[in-house]
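These notes are about the structure you will find just below.
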Amino acid sequence: MSNSEIKSIILAGLFVCLTAAGAWIRIPFPLVPLTLQVFFVLLSGMCLGPKWGAMSQVVYIGMGLMGLPVFAGTSGPHIIFSPTFGYLIGFIVASYLAGSVSRGSGKLLRFLLGSFLGVGAIYFCGVTGLYLNLNYVLGKDISLLGALKIGVLPFLAADTLKAAAATILAYRIVPQLKTIEPRVGLETKR
């Protein structure tokens, strides 16, 4: 295993932990409390790239599905039937998109575009899951516009701030991450 792969695995593990911690950090806002999950999801893609960023989110969701208390609400396999499960699936897509768009650019606008495409992916997957769940699992009759009103509008301002913050932080730290190389094993002089 190369040093680059080891670094990616370590950083992916770090972002699994940060995303889980972000679910439990709650900042009170008028309509909906603000968590930092989306911030860390976007940052994972921009810092790790599409493959490892998305992989960190797959591991995060897998941990929650196994019942570890890493989600903002309850955890366990039953969450698949929750109206919010689509947002969790959106985390994988968002991290991948944010990483793909910003990858290797070093340009602030690419990081910003990656962040906003990532947020869009979370909303797309989330609202789709919300609409399907409410209509076909819970038996509530809701239009797509109704799903957008409850699944996007309360979060839009806060997620815009998180995307901007993730953009600025990624722009600053991604060049630094490229210079870090892990040391493997003990080196001895002969």
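The values are calculated or read from the model by the stated rules, or taken from the named source; none is laboratory data. Note that this is a predicted model, so its numbers are computed, not measured. Cβ coordinates were reconstructed from backbone atoms using ideal geometry, including for glycine residues, and neighbour counts include every protein chain displayed. What goes into the accessible areas is simple: the full protein's heavy atoms, side chains included, and nothing from ligands, DNA or RNA. Shrake-Rupley method; radii C 1.70, N 1.55, O 1.52, S 1.80 Å.
Can you report the number of residues in region 151-178 which are under 17 Å from Tyr87 (Cβ atoms) and open to solvent by 90 Å² or more (accessible area, probe 1.4 Å)?
1
For Gly120, state whether it is open to solvent by less than 40 Å² (accessible area, probe 1.4 Å), in a helix (DSSP H, G or I) and within 30 Å of Asn3 (Cα to Cα). It would help to see each step written out before you state the result.
Values: open to solvent by less than 40 Å² (accessible area, probe 1.4 Å): yes; in a helix (DSSP H, G or I): yes; within 30 Å of Asn3 (Cα to Cα): no.
The answer is no for Gly120.
Quick check: anything in region 5-19 part of a loop (DSSP other than H, G, I, E, B) and more than 21 Å from Ser102 (Cα to Cα)? It would help to see each step written out before you state the result.
From region 5-19, those part of a loop (DSSP other than H, G, I, E, B) are none; that's our starting set.
Checked region 5-19: no residue is part of a loop (DSSP other than H, G, I, E, B) and more than 21 Å from Ser102 (Cα to Cα).
Is there any pair with a first residue in region 64-92 that is farther than 17 Å from Phe40 by Cα and assigned to a helix (DSSP H, G or I) and a second that is open to solvent by 30 Å² or more (accessible area, probe 1.4 Å) and of a type in the set (S, T, N, Q) whose Cβ atoms are under 8 Å apart and which are 6 or more apart or on different chains, and what are they?
Every condition considered, the pairs that remain are Gly86/Thr128.
Here is a list: Lys149, Lys178. Which entry is of a type outside the set (A, V, I, L, M, F, W, C) and modelled with pLDDT under 95?
Numbers: Lys149 fails: modelled with pLDDT under 95.
None of the other options fit; the residue is Lys178.
For Gly64, are the conditions met, namely being at pLDDT 95 or above, surrounded by 20 or more Cβ atoms within 10 Å (Cβ to Cβ) and either under 18 Å from Tyr123 (Cβ atoms) or acidic (Asp, Glu) (or both)? Write out each step before concluding.
Working: at pLDDT 95 or above: yes; surrounded by 20 or more Cβ atoms within 10 Å (Cβ to Cβ): yes; either under 18 Å from Tyr123 (Cβ atoms) or acidic (Asp, Glu) (or both): no.
Taking the combined requirement at face value, the residue does not satisfy it.
Only residues that are surrounded by fewer than 20 Cβ atoms within 10 Å (Cβ to Cβ) and assigned to a helix (DSSP H, G or I): list them for region 132-142, please. I'd like the intermediate steps shown before the answer.
Of the residues in region 132-142, the ones surrounded by fewer than 20 Cβ atoms within 10 Å (Cβ to Cβ) are 132, 134-142.
Across region 132-142, the qualifying residues are Leu132, Leu134, Asn135, Tyr136, Val137.
Would you point out which residue out of Met55, Met1 is modelled with pLDDT of 95 or more and either surrounded by fewer than 22 Cβ atoms within 10 Å (Cβ to Cβ) or not in a loop (DSSP other than H, G, I, E, B) (or both)?
On the way: Met1 fails: modelled with pLDDT of 95 or more.
Matching residue, one of Met55, Met1: Met55.
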